[in-house]
Amino acid sequence: MSFFAGLACAYPVEQRETERLGSIAVTYGGGKGRLWRGDTAALILTPRAFTPEDRLDRLPAAFMGGMSHLVFDGRLDNRNELIASLNLPAPDAARLGDAALVMAALERWGVDACPRFIGAFALAWWNELDRRLVLDIATEAGQPVATHILSLTPFRRIIKDYFMICESYYAAIRSSTPSQIEAIDMGRRGIHNEGSQTLMDRLDGKIL
């Protein structure tokens, strides 16, 4: 089985964060991973061939004109059905791994493609244009575990406000009174709590 991990942010991804992903891949994936780094997201995958078709894929992979990226591990049990639904010529389909079929389906149907995938797999799809992360998981028995869609757009204002308050806090330490510093810190905690609550609301009932 392959190992993959990633991060999605409402701010630009920093080099130290991708270096940490690399360390995680070595520790838990058993080797150096292949890394993709975008403006606000990064994905890493340490490949382990699971099916013969896996050798046809090179992940993380770009699609949708480079605005989407995918990591995938596992197998599709309904390749022929997907190939027929996508109207792919047999010679072309024979050269596609399961991940490439997944990308073709996502490009055709968007998130509505997820219920069409039958098999044992895990995937993460980052849509750079919409700032949206999609996770889809099914067990070894082919039973769906979860399909989760997380848009980071609602967090952009919160994170922007949080960084502005932090900058004010650091400036206040040098010249403001203790009461002024405390007021700024209370504002910082309020923004932090708002972000935490927004995240919990978005994940409610989706994370066990």
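The values are calculated or read from the model by the stated rules, or taken from the named source; none is laboratory data. Computed from a predicted structure; not experimentally measured. Quick reminder, even Gly has a Cβ in these numbers, built from the backbone with ideal geometry, and neighbours come from all protein chains shown.
Each row is one residue, and each column tells you yes or no for (1) touching a Gly at 6+ places or on another chain (Cβ under 6 Å); (2) acidic (Asp, Glu); (3) touching a residue at least 24 places away in the same chain (Cβ under 8 Å).
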position: Asp136; (1), (2), (3): no, yes, no
position: His148; (1), (2), (3): no, no, yes
position: Met164; (1), (2), (3): no, no, no
position: Ala183; (1), (2), (3): no, no, no
position: Asn193; (1), (2), (3): no, no, no
Practice task
Give just the number: which of (1) surrounded by fewer than 18 Cβ atoms within 10 Å (Cβ to Cβ); (2) part of a helix (DSSP H, G or I) does Leu101 not satisfy?
Solution key: (1)
Handout entry: Lone unmet requirement of (1) of a type in the set (Phe, Trp, Tyr); (2) at pLDDT below 85; (3) surrounded by 12 or more Cβ atoms within 10 Å (Cβ to Cβ) for Tyr170
Key = (3)
Practice task
Kindly indicate whether any position in the range 76-94 is in contact with a Gly (Cβ under 6 Å, 6 or more places away or on another chain), outside any loop (DSSP other than H, G, I, E, B) and crowded, with 19+ Cβ neighbours inside 10 Å.
Solution key: yes
Fill in the blank from the handout: Condition set aromatic (Phe, Trp, Tyr) and under 17 Å from the mean Cα position of the chain (by Cα), scope the range 2-54, selection surrounded by the fewest Cβ atoms within 10 Å (Cβ to Cβ): answer is Tyr11
Exercise for the section: Within the range 24-54, count every residue that is in contact with a Gly (Cβ under 7 Å, 6 or more places away or on another chain) and in a helix (DSSP H, G or I). Expected result: 3
Practice task
Name every residue in the range 93-109 that is over 20 Å from His148 (Cβ atoms) and touching a helix residue (DSSP H, G or I) at 6+ places or on another chain (Cβ under 6 Å), in order of residue number.
Solution key: Ala93, Gly97, Asp98, Leu101
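Being in contact with a helix residue (DSSP H, G or I) (Cβ under 7 Å, 6 or more places away or on another chain) and surrounded by fewer than 19 Cβ atoms within 10 Å (Cβ to Cβ) is the filter here; which residues of the range 110-122 pass it?
The first filter runs over the range 110-122 and keeps only residues in contact with a helix residue (DSSP H, G or I) (Cβ under 7 Å, 6 or more places away or on another chain), leaving 113, 116-117.
Passing the criteria: only Arg116.
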